[in-house]
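Scroll down for the structure; my scribbles are underneath it.
We did not get these values from a lab; they are worked out from the coordinates using the rules stated. Given the structure is predicted, the values throughout are model-derived calculations rather than measurements. Backbone-built Cβ (ideal geometry, glycine too); neighbour counts: all protein chains shown.
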Amino acid sequence: MIYEVIEDFARLAVIVAGLYFVLGMYVRHRQPAWSGAVGRRRFAILFAFALVVAAIEVAEDALGGESGPVDEAILVFIHRHVPSSLDGFFGAVTISGSSWALVPLTLVGTTGLLLAGRRFEAVLIATSAIAGAIVVYAVKLAAGRTRPALWATEWYWGSSFPSGHTLVVAAIATAGVLCVSRIRPAARGAALSVAFVWTFLVALSRMVLGVHWPTDVLAAAFIGAFLSLAISVALEGLAPRWVR
């Protein structure tokens with residue numbers, strides 16, 4: 001088991017390094033104007049590559065049926081060990097990741113940033129939320145994974161893969177951390193903690209309520225964080241000066 005984990009990690013590292021090398025060669029020979037942004041955001045780019053490669057790995061296992069037994073075992077464990085008295089709490093957490101909460105939050109955040117003259121941050125928040133919603137819709141239509149039916153649950157539209165709540169929350173939360181890092185670097189740690197806890201609780205709520213498999217929420221978290229990081233790097237290198 002340990003050797004398999006080490007092997008998977010090494011393979012992930014090699015793929016990420018290869019992707020970064022290819023990007024560097026492309027920028028050097030085709031888009032030299034991007035070199036400054038790529039250099040400044042080296043670690044963000046590497047992390048983004050790691051996230052998307054990990055998401056692909058999880059998606060292959062989930063949609064190929066390989067993760068089925070592990071998914072079911074984890075979901076049953078959660079159902080047995082999370083007290084039913086917490087259902088109301090996790091129901092409220094799930095609402096915080098729904099469109100009813102995220103649309104107003106995104107509108108207020110974007111408007112506030114624009115009024116404060118923070119155009120880059122406003123565009124990042126809005127674009128991350130919109131991109132997350134589009135990806136959720138497209139992937140759900142393509143995936144067609146059956147939702148868990150281990151106990152009676154509320155009905156939700158679409159494929160089980162990926163978790164839309166988790167993906168969009170991860171995208172907005174990551175964008176929020178990036179915004180705080182630019183506006184007030186000293187608060188980066190606190191913002192990262194809040195983003196992690198919020199994303200984790202929303203992901204957990206989807207499993208507690210029995211409407212998503214663990215791999216649904218894991219891949220969704222990876223994809224959501226990747227989207228915001230990729231958008232941030234792209235905006236720094238490609239957006240008009242009035243945005244940057």
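Assorted remarks:
- Principal-axis tilt of helix 214-238 within the chain, Cα atoms, nearest 10 degrees: 10 degrees
- Positive-end residue of 129, 110, 19, charge dipole of the chain with Cβ unit charges: 110
- Entry for Rg and Dmax of the Cα atoms in Å (calculated from the structure that is shown) out of [x] 17.4, 54; [y] 22.2, 82; [z] 18.8, 60: [z]
- Ascending count of other beta-carbon atoms within 10 Å, so fewest first, for 79, 29, 212: 29, 79, 212
- Summary of packing: across the peptides 121-128, 213-220, 18-25, 61-68, the per-residue average of other C-beta atoms within 10 Å ranks them, highest first, as 213-220, 121-128, 61-68, 18-25.
- Per-residue Cβ neighbour rank within 10 angstrom, fewest leading, 80, 188: 80, 188
- Computed from Cα positions, the angle between helix 87-96 and the longest principal axis of the chain comes to roughly 30 degrees.
- Seen against the Cα atoms of the chain and their longest principal axis, helix 99-115 is set at about 20 degrees.
- Only Lys, Arg (+1) and Asp, Glu (-1) charged, at Cβ; the stretch 68-238 dipole about Cα centre in debye: 340 debye
- Using C-alpha pairs under 8 Å with a sequence gap of at least 6, the mean separation divided by the residue count of the chain gives a relative contact order of 29 percent.
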